[in-house]
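Below: one structure, written as structure tokens.
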Amino acid sequence: MALNLKPIAGSSNRVIVEPAAAEEKTASGLYIPDTAKEKPSKGTVVSVSEEDSEGKKASVKIGDVVIYGKYGGTEFPYEGKDYLIMRETDIYAVVG
């Protein structure tokens, strides 16, 4: 799903990520209260800047599932959903 927002790159490519939902229960089946849930560090890329100030295109693409730093990016709401905008360098890996 492409988001109708395009990040502006600057000195590093920017990426908008829709974070995965926080885990509701543990592997053993115990439910996690809202106050104890950890911020997800995985999400889906929904928008990517065209290129950075040096003309480099982003390595990730829309639809990639990525792992990023736990406190990476800046949260912002848009059309009822929460997203993160971050530098591409805050992304550690593409899943699968």
Please verify whether region 73-84 includes one or more residues that are in contact with a Lys or Arg (Cβ under 6 Å, 6 or more places away or on another chain) and buried (at least 18 other Cβ atoms within 10 Å of the Cβ).
no
For region 30-45, how many residues meet the condition of being part of a loop (DSSP other than H, G, I, E, B) and modelled with pLDDT of 75 or more?
1
If the Cβ limit is 7 Å and pairs must be 6+ apart or interchain, which residue in region 45-60 that is without any contact (Cβ under 8 Å) to a residue 40 or more places away in the chain pairs with which residue that is in a loop (DSSP other than H, G, I, E, B) and open to solvent by 30 Å² or more (accessible area, probe 1.4 Å)?
Val45/Lys61; Val45/Ile62; Val45/Gly63
Residue under evaluation Ala93, criteria (1) farther than 10 Å from Val15 by Cα; (2) open to solvent by 50 Å² or more (accessible area, probe 1.4 Å), criterion not met
(2)
Only residues that are out of contact with any strand residue (DSSP E or B) (no Cβ under 9 Å at 6 or more places or on another chain) and on the phi > 0 side of the Ramachandran plot: list them for region 52-65, please.
Gly55
For region 52-73, give me each residue that is at pLDDT 90 or above and either of a type in the set (A, V, I, L, M, F, W, C) or not in a loop (DSSP other than H, G, I, E, B) (or both).
Val60, Ile62, Val65, Val66, Ile67, Tyr68
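The values are calculated or read from the model by the stated rules, or taken from the named source; none is laboratory data. What you are looking at is a predicted structure, and each value in this text was computed from that prediction instead of being measured. Please note: Cβ atoms are built from the backbone with ideal geometry, for glycine as well, and neighbour counts cover all protein chains shown. Accessible surface is based on the protein model in full, side chains and every heavy atom, while ligands, DNA and RNA are left aside. Shrake-Rupley method; radii C 1.70, N 1.55, O 1.52, S 1.80 Å.
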